[in-house]
Amino acid sequence: MTTIQTGVDVDTSRIQGNLGTLDIILATLAYAAPLAASAGYLSLSIGFGSGIATPLSFLVTMFIILIFSVGYAALSKKVPNPGAFYAYITAGLGRPIGLGASFLMLFSYGAIAVGFYAFAGTITKDYVEQFVPVAQPWWVYALLFWAAVGFFAYFRIELSAKILSYLLILEVIAVAVYNIAVLVHLGLSGLDFAPFSPTAYANSNVGLGILFTVILFIGFEATAIYREEIGDPNRVIPRATYLVVLFIGVFYSVTSWMMIQAMGIDAAQSLSEADPARAFLNTSLRILGPTYNDVVNLLLLTSAFAAHLAIQNVIVRYVYSLSKDGVLPRFLGVAHDKHNSPSRSSVATSLAILATLAVLILSELPPATGYAWFGGMGTYGILFAMALTSAACAGYFLRNPEPGMTLNGIVFPVLATLLLGAANVIAILNFDALTGDAGIASKAMLGCVFAVFSIGVIWALSLKRCNPSVFASIGRQ
């Protein structure tokens, strides 16, 4: 039975679960949307990022994220508070910056979710209209996705994890079939290893390459956001984090390599630039035939649904943590009596996404533009938060030194902060590449990211003066 109290303590309820390493890996990887990314995004990196050096670029980015993960995993054992980036930045850099980061994460994931609904609505519309002659606006299908995601996100995490696991396995199998087919089609003697050449990488646009590849790693920090729903978090979170990063890096490196092989080393970049949306499907049609493409087009819809559900689960848990801390209305931080899920936070998240999606619909902005704008803006926000988290790891262990933790707790986080700081500079200088807009809208979106972070910092400082008990509870420190 839930017991509501006044003051800082809210209730005795808590979200619960018994997720293991594999559950967390699958639930987290669903956000990476392996099939949707392979069929609709890798060609962008090949065409506009690192070119034929994209496979090596993924491995370089993986190395950077692994350096980040060392400090992240170390801090996850020392700060047993839910909230992932929110909790860790608070512990390492203080409550004002921590709250600013939490607002930034909510804004960023929310932006990505709204933009992704535009993508989901568009691909569903295209798929349905192959069979049904009656045309519907893209947002009709987007709202169907929204309703399904909201329904499943309401219940205990094991239900979402099970659905995400099944869908992810189907996606991975579909891409693996493509990779194997290309390999068989070319034969070992036909493989070209130029995409892994340091020379090809040095001659590519290294900065843009990292920017385009790091996007597909975003979301891996969700391994820690489920802390309260993991059976053994101190063991599961570090293990799952490393495995997720390794899987993403190797998976996309191999898949982009096979795409380049299928298009031809000399033609891959120009073909990807000319038709990025069809590069994967054009090569799969030639090598595997129309039946495979029909299956992939259907699985793209389930891939989009899985990614949406994974995104919503992360947003919901940020809302829940902020509500438990009293920053957001406390009634949103009460777990469901039966499902032990953050059900109220889930409903609030669904309604907030619906309201933002309605603005996008009423603006009559083309869905492709909405997807690029919202997705690019959210991606940069999370990249900024990653740099803050690395700095927080170093800050925490500098203030709380422990024998044997200098390398993992200070050296690696400082190195990660420098690398991610450089990635942030590259992202700012190339923000138009993230959003697909080189005009005033791009500058306004970048301004929104910093404005949201600043609002969180200012809110925390006002709480310190006006409501010290809530200020003290930020990040559940």
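Considering only residues that are of a type in the set (A, V, I, L, M, F, W, C) and in contact with a Pro (Cβ under 8 Å, 6 or more places away or on another chain), which ones fall in the stretch 255-272?
If the condition is that a residue be of a type in the set (A, V, I, L, M, F, W, C) and in contact with a Pro (Cβ under 8 Å, 6 or more places away or on another chain), then W257, I260, I265 are the ones that fit.
Out of the stretch 38-73, which residues are small (G, A, S) and either crowded, with 24+ Cβ neighbours inside 10 Å or modelled with pLDDT of 90 or more (or both)?
Narrowing the stretch 38-73 to residues small (G, A, S): 38-40, 43, 45, 47, 49-51, 53, 57, 69, 71, 73.
Correct list: S38, A39, S43, S45, G49, S50, G51, A53, S57, S69, G71.
Here's the yes/no breakdown for (1) among the aromatic types (F, W, Y); (2) buried (at least 16 other Cβ atoms within 10 Å of the Cβ); (3) more than 30 Å from Y88 (Cα to Cα):
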| position | (1), (2), (3) |
| --- | --- |
| I163 | no, yes, no |
| A181 | no, yes, yes |
| F196 | yes, no, yes |
| N205 | no, yes, yes |
| G209 | no, yes, no |
| I218 | no, yes, no |
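Can you name the residue in the stretch 232-244 that is under 17 Å from A30 (Cα atoms) and buried (at least 22 other Cβ atoms within 10 Å of the Cβ) and, of all such residues, is modelled with the highest pLDDT?
V244
It is to be established whether one or more residues within the stretch 16-26 are at pLDDT below 80, of a type outside the set (S, T, N, Q), in a loop (DSSP other than H, G, I, E, B) and over 24 Å from Y371 (Cα atoms).
yes
Among the residues of the stretch 121-129, is there at least one that is at pLDDT 85 or above and in a loop (DSSP other than H, G, I, E, B)? Spell out how you get there, then give the answer.
Initially, the stretch 121-129 is screened for residues at pLDDT 85 or above, giving 121-129.
Pick out the ones that are also in a loop (DSSP other than H, G, I, E, B) and you get 129.
Among the residues of the stretch 121-129, at least one is at pLDDT 85 or above and in a loop (DSSP other than H, G, I, E, B), which makes the answer yes.
Could you please find all residues in the stretch 415-427 being of a type in the set (V, I, T) and surrounded by fewer than 16 Cβ atoms within 10 Å (Cβ to Cβ)?
Let us first name the residues in the stretch 415-427 that are of a type in the set (V, I, T), namely 417, 425-426.
Of everything in the stretch 415-427, just one residue is of a type in the set (V, I, T) and surrounded by fewer than 16 Cβ atoms within 10 Å (Cβ to Cβ), namely V425.
Of all residues in the stretch 174-231 being of a type in the set (F, W, Y) and at pLDDT 80 or above, which is farthest from T255 (Cα to Cα)?
Result: F220.
Taking the residues in the stretch 428-470 that are at negative phi and not in a helix (DSSP H, G or I) as candidates, determine which candidate is surrounded by the most Cβ atoms within 10 Å (Cβ to Cβ).
From the stretch 428-470, those at negative phi are 428-435, 437-470; that's our starting set.
Filter once more, so that each one left must be not in a helix (DSSP H, G or I): 430, 437-439, 467.
Numbers: N430: 15, D437: 18, A438: 11, G439: 9, N467: 14.
Per the stated criteria, the residue is D437.
If you scan the stretch 348-386, which residues turn out to be part of a helix (DSSP H, G or I), at pLDDT below 90 and over 17 Å from G436 (Cα atoms)?
S363
What do you reckon, is L309 in a helix (DSSP H, G or I), among the hydrophobic types (A, V, I, L, M, F, W, C) and more than 30 Å from I89 (Cα to Cα)? Working first, answer last.
Working: in a helix (DSSP H, G or I): yes; among the hydrophobic types (A, V, I, L, M, F, W, C): yes; more than 30 Å from I89 (Cα to Cα): no.
So L309 fails the test.
Just checking, how many residues over the stretch 320-359 are hydrophobic (A, V, I, L, M, F, W, C), out of contact with any Leu (no Cβ under 6 Å at 6 or more places or on another chain) and farther than 15 Å from A147 by Cα? Before you say what the answer is, go through the steps one by one.
Taking the stretch 320-359 as the starting set, the residues that turn out to be hydrophobic (A, V, I, L, M, F, W, C) are 322, 327-328, 331-332, 334-335, 347-348, 351-355, 357-359.
Now restrict to residues that are out of contact with any Leu (no Cβ under 6 Å at 6 or more places or on another chain): 327, 331-332, 334-335, 347, 351-355, 357-359.
Then keep just the ones that are farther than 15 Å from A147 by Cα; that gives 327, 331-332, 334-335, 359.
Count: 6.
Exactly one of these conditions fails for V316: (1) closer than 28 Å to T122 by Cα; (2) crowded, with 24+ Cβ neighbours inside 10 Å; (3) aliphatic (A, V, I, L, M); (4) more than 22 Å from the chain's Cα centre (by Cα). Give me its number.
Among (1) closer than 28 Å to T122 by Cα; (2) crowded, with 24+ Cβ neighbours inside 10 Å; (3) aliphatic (A, V, I, L, M); (4) more than 22 Å from the chain's Cα centre (by Cα), the lone unmet condition for V316 is (4).
Taking the stretch 319-340, which residues are crowded, with 19+ Cβ neighbours inside 10 Å and part of a helix (DSSP H, G or I)?
The answer is V319, Y320, S321, L322, S323, K324, R330, L332, G333.
What residue, of A181, A161, is more than 20 Å from S350 (Cβ to Cβ) and either part of a helix (DSSP H, G or I) or in contact with a Pro (Cβ under 8 Å, 6 or more places away or on another chain) (or both)?
Working: A161 fails: more than 20 Å from S350 (Cβ to Cβ).
Answer to the check: A181.
Going by what's in this entry, would A306 be described as aliphatic (A, V, I, L, M), in contact with a helix residue (DSSP H, G or I) (Cβ under 6 Å, 6 or more places away or on another chain), closer than 29 Å to Y141 by Cβ and crowded, with 24+ Cβ neighbours inside 10 Å?
Working: aliphatic (A, V, I, L, M): yes; in contact with a helix residue (DSSP H, G or I) (Cβ under 6 Å, 6 or more places away or on another chain): yes; closer than 29 Å to Y141 by Cβ: yes; crowded, with 24+ Cβ neighbours inside 10 Å: yes.
When the stated conditions are applied, A306 passes them.
Looking at the stretch 107-115, can you tell me whether even one residue there is surrounded by 24 or more Cβ atoms within 10 Å (Cβ to Cβ), over 22 Å from T302 (Cβ atoms) and touching a residue at least 40 places away in the same chain (Cβ under 8 Å)?
yes
Yes or no: the stretch 259-271 includes at least one residue that is in contact with a Phe, Trp or Tyr (Cβ under 8 Å, 6 or more places away or on another chain), at pLDDT 85 or above and among the polar types (S, T, N, Q). Explain how you work it out, then say what you get.
The initial filter retains those residues of the stretch 259-271 that are in contact with a Phe, Trp or Tyr (Cβ under 8 Å, 6 or more places away or on another chain), namely 259.
Right, trim to at pLDDT 85 or above and you get 259.
Filter once more, so that each one left must be among the polar types (S, T, N, Q): none.
No, because not a single residue in the stretch 259-271 is in contact with a Phe, Trp or Tyr (Cβ under 8 Å, 6 or more places away or on another chain), at pLDDT 85 or above and among the polar types (S, T, N, Q).
When you go through (1) surrounded by fewer than 20 Cβ atoms within 10 Å (Cβ to Cβ); (2) farther than 18 Å from A37 by Cα; (3) free of Cβ contacts under 8 Å to residues at least 24 places away in the same chain one by one for R286, which number turns out not to apply?
(3)
For the stretch 192-268, give me every one of the helices (runs of 4 or more DSSP H) that falls completely inside it and has 3 or more residues that are of a type in the set (S, T, Y). Even if it seems obvious, please write down each step before you answer.
Details: elements: 198-202, 206-214, 222-225, 233-263.
Correct list: 233-263.
Within the stretch 134-169, restricting attention to residues that are of a type outside the set (A, V, I, L, M, F, W, C) and at pLDDT below 80, which residue is nearest to P34 (Cα to Cα)?
Filtering the stretch 134-169 for residues of a type outside the set (A, V, I, L, M, F, W, C) gives 136-137, 141, 150, 154, 156, 158, 160, 162, 165-166.
Subsequent filtering for residues that are at pLDDT below 80 retains 154, 156, 158, 160, 162, 165.
Values: Y154: 25, R156: 25, E158: 21, S160: 18, K162: 17, S165: 12 Å.
Looking at residues that are of a type outside the set (A, V, I, L, M, F, W, C) and at pLDDT below 80, I get S165.
The values are calculated or read from the model by the stated rules, or taken from the named source; none is laboratory data. Note that the structure is predicted; figures quoted are calculated from it, not measured. Cβ coordinates were reconstructed from backbone atoms using ideal geometry, including for glycine residues, and neighbour counts include every protein chain displayed.
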